[in-house]
Each structure stands twice: as C-alpha cells, then as structure tokens.
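Down below is the structure, laid out as structure tokens.
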Amino acid sequence: MPLSIAQSSPAGARPEALAEARWALTRLESPAGRAPFPADLTPAYGVFYQGWTNWLRGGVLSLQPPGGRDRGELARFTEAAADLGATFDTTLDTTGSPYLPAYHGQAWPVDSTVAVASLRLHDSLLPGRFDGTVARWLAGVRQRLDPATGLLPHRVDPVTGAPAEVARGTSQSLIHRFRPEIDPAFAREQYLTFRDGFVAAPLRLGPAVLEYRAGTSGPADVDSGPLPLGVSLSATVVTLGAAQVHGDAALAAALASYGDFAGLPVDTPNTRRYAFGLMPIGDAFLAWSKSARPWVAAAVDPPPAGVSWTWRLPLLALLSLVAVLPWLPALVRRRPASRKPVSR
C-alpha cells in the first residue's frame with residue numbers, strides 16, 4: 001500500500017505499508033544505497049540523497065502513533081533534519097543561495113525543494129524548529145526565479161543559485177508535488193503558471209506535459225526521455241500526482257484517463273501493467289502519482305479547472321475513424337450502381 005494512502009487509512013491497514021517503507025529505507029541507508037552519491041559533499045552524499053531519504057523517514061514515522069514511534073527511526077529523522085536545516089542556514093548566510101549541491105559542481109532546485117519539504121514534515125510531526133529556515137529559503141527562491149517563465153529554474157549555479165537553465169517539465173512536475181507542503185499560497189501561484197505554460201494537447205490529443213514551455217523547444221536528456229511533439233512522458237506522469245496534491249481533479253482525471261489509453265495497459269485479475277509490462281519503472285511512477293496526497297498541507301482550495309471534458313472529443317473522433325476505415329471497402333462495394341441514362 002502506498003504511504004500516501006496508508007496515512008489516511010485506518011490503523012489496521014498500515015502495517016503492510018510500514019513494512020514496505022522500512023524495507024525501502026533500509027536499502028537507502030545501506031552502503032549500496034549511498035554508493036552513487038559523493039560522501040564529501042555538504043550535506044553528506046548531497047541534497048538529492050538526503051532530501052528524498054529524509055522524506056521517507058518522515059513518512060515511516062507518520063504511520064506510527066506519536067507515543068509508539070521507534071526511537072532509532074525518530075533519532076535518525078531528527079538528526080538528518082537538523083543537519084539539513086543547518087546546511088541551508090549556512091549556505092544562505094554565506095552565498096545567499098537556497099540551493100544545495102546534489103553532485104560535485106551541480107545543483108537542481110527540485111532536489112532542495114524535496115529537502116525543505118522534509119523539514120516541513122518534521123515540524124508537522126514534532127515540535128517546530130525550521131520556520132525561520134524555510135522563510136529564508138523561500139525568500140532566496142523568489143529572488144532566483146527563471147526570468148523566462150517566472151518558475152524555479154531546472155538547474156542553477158552551484159554557488160550562487162543563479163538560474164543556469166530554464167524551467168523544464170521534468171523538474172517542475174516534481175517541484176509542484178512538493179511545493180504545497182512548504183508554502184501553499186506561493187505553490188498555487190506557481191502551479192497555475194506551470195499549468196498555463198506546460199500543459200498542452202499536441203495534435204489536439206491529450207492533455208500532456210511539455211518539457212519546455214509552449215512556443216519554445218530544447219534538447220531531450222536522460223530525465224525527460226524522448227520528446228515526441230515536445231512532450232515528456234515522465235513529466236506527464238508525475239504531473240498527475242502534482243495535480244492531485246493541488247486539488248486539480250479535472251487535470252488529474254484527464255491525465256489518468258489519457259494514460260490508460262496511450263499507456264497500452266495489460267490487466268490481470270490483480271494487477272495492471274503499462275507499456276505491455278515492459279517498463280516497470282513507468283508502473284512505479286504511475287502508482288506513486290495516482291496515490292499522491294498531501295502529507296503536510298491541509299486541504300487546499302481547488303484551482304480553476306484548466307481542462308474541459310471536451311478534451312476527449314478529438315480522441316473519440318480519431319478512434320471512430322480508425323474503427324470505420326477497415327469497413328470502407330465493403331461499404332463502397334455495397335453501394336448501388338448508379339443508373340445510366342437510357343438513349344432514345
């Protein structure tokens with residue numbers, strides 16, 4: 001059971017989710033789990049590793065009653081959150097940058113966003129201590145938005161935090177999953193800007209999420225995958241989760257429905273696998289996105305609907321045409337022959 005669903009389920013339904021989350025956390029905290037990341041960074045192993053791992057630690061604690069939390073898990077979560085908070089404070093004091101490195105000489109705002117969300121998660125589970133850090137972080141973010149889009153840039157200078165690459169769909173989709181946990185008002189403003197610029201329907205089919213803002217283009221990479229008509233499949237899947245967290249039910253439902261059509265699902269009595277079951281990572285992303293719920297933020301007011309039910313009409317028209325095409329030769333043969341005029 002995904003953590004997001006387990007958190008709102010009766011206590012009796014949580015043991016399975018807790019066991020699975022602990023299984024994943026144990027592997028993240030192992031030498032093999034840390035091996036791909038540089039140990040000599042600050043924070044150790046980089047903000048990508050520390051942010052996601054601490055978010056999972058908080059999720060594990062959220063499934064335990066406050067008086068019955070595992071002391072070792074609680075201590076590791078508290079210690080890691082304190083280290084992240086101190087590192088953000090030091091960096092903000094020395095360079096003003098709100099972004100920590102994920103690898104040597106490389107920093108992506110999305111990674112620091114997840115880490116700051118883990119600080120908010122700490123303060124929702126335990127006595128608050130990071131309000132000042134988060135407020136300073138948000139001020140630094142507002143000063144370093146991508147000038148082309150008004151959103152967080154995809155990549156930044158690792159020292160100053162200045163934008164080094166325009167906002168892109170792959171990182172924006174993740175950013176907007178976590179932003180409501182940090183500052184719901186700013187998150188809503190940014191989400192609507194993202195939705196207006198990146199959610200599109202190429203060839204009037206979809207909705208889907210562009211890797212680069214509508215009207216612009218750029219290269220694909222390992223994060224985005226191939227970009228047919230400018231669409232990032234990974235960003236489209238992850239935006240489903242962001243839409244759910246923002247209360248954007250219309251967009252979430254449309255993305256899920258279109259994914260169920262275009263994703264080539266294969267069903268068994270107990271499972272559903274997409275892309276004929278050939279890409280398990282895609283199934284994992286879809287499960288994560290479809291189960292996304294806020295962990296910290298209270299219920300949010302849904303944004304104005306950005307997708308009409310009429311998005312289905314072009315797709316239905318295309319499917320109808322495809323269904324009729326094989327029958328056209330037979331229909332033509334069945335037409336009565338036209339009568340020739342009789343000569344007198």
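The values are calculated or read from the model by the stated rules, or taken from the named source; none is laboratory data. Please read all numbers here as calculations on a predicted model, not as lab measurements. No Cβ is skipped: glycine too gets one built from the backbone with ideal geometry, and neighbour counts run over all protein chains shown.
Filtering region 207-223 to residues that are under 21 Å from A242 (Cα atoms) and either crowded, with 22+ Cβ neighbours inside 10 Å or at pLDDT 95 or above (or both) leaves P207, A208, V209, L210, E211, Y212, R213, A214. Against the criterion of being free of Cβ contacts under 8 Å to residues at least 60 places away in the same chain, in a helix (DSSP H, G or I) and within 19 Å of L28 (Cα to Cα), L74 qualifies.
Please tell me if L145 is modelled with pLDDT of 95 or more and in a helix (DSSP H, G or I). Break it down stepwise before answering.
Working: modelled with pLDDT of 95 or more: yes; in a helix (DSSP H, G or I): no.
The answer is no for L145.
Residues in region 280-297 that are surrounded by fewer than 18 Cβ atoms within 10 Å (Cβ to Cβ) and touching a residue at least 60 places away in the same chain (Cβ under 8 Å): A287, W288, S291, R293.
Scan region 78-120 for residues that are among the aromatic types (F, W, Y) and surrounded by 24 or more Cβ atoms within 10 Å (Cβ to Cβ) and jot them down.
The initial filter retains those residues of region 78-120 that are among the aromatic types (F, W, Y), namely 88, 99, 103, 108.
Across region 78-120, the qualifying residues are F88, Y99, W108.
Has region 116-124 got at least one residue that is in contact (Cβ under 8 Å) with a residue 40 or more places away in the chain, of a type in the set (G, A, S), over 17 Å from N54 (Cβ atoms) and in the same structural domain as P38 (by TED's automatic domain parsing)? Looking for residues that are in contact (Cβ under 8 Å) with a residue 40 or more places away in the chain, of a type in the set (G, A, S), over 17 Å from N54 (Cβ atoms) and in the same structural domain as P38 (by TED's automatic domain parsing), one finds none in region 116-124, hence no.
One residue is enough: does region 180-194 have a residue meeting the conditions acidic (D, E) and either closer than 15 Å to K290 by Cβ or in contact with a Pro (Cβ under 8 Å, 6 or more places away or on another chain) (or both)? Checked region 180-194: at least one residue is acidic (D, E) and either closer than 15 Å to K290 by Cβ or in contact with a Pro (Cβ under 8 Å, 6 or more places away or on another chain) (or both). Whether a residue is in a helix (DSSP H, G or I), touching a Ser or Thr at 6+ places or on another chain (Cβ under 6 Å) and not small (G, A, S) was assessed, and W137 does not pass this test. For G51, the conditions (1) farther than 20 Å from R27 by Cα; (2) in contact with a helix residue (DSSP H, G or I) (Cβ under 6 Å, 6 or more places away or on another chain) all hold with the exception of (1). Kindly establish whether L63 is closer than 25 Å to P15 by Cα, among the aliphatic types (A, V, I, L, M) and at pLDDT 95 or above. So L63 does not fit the description; no.
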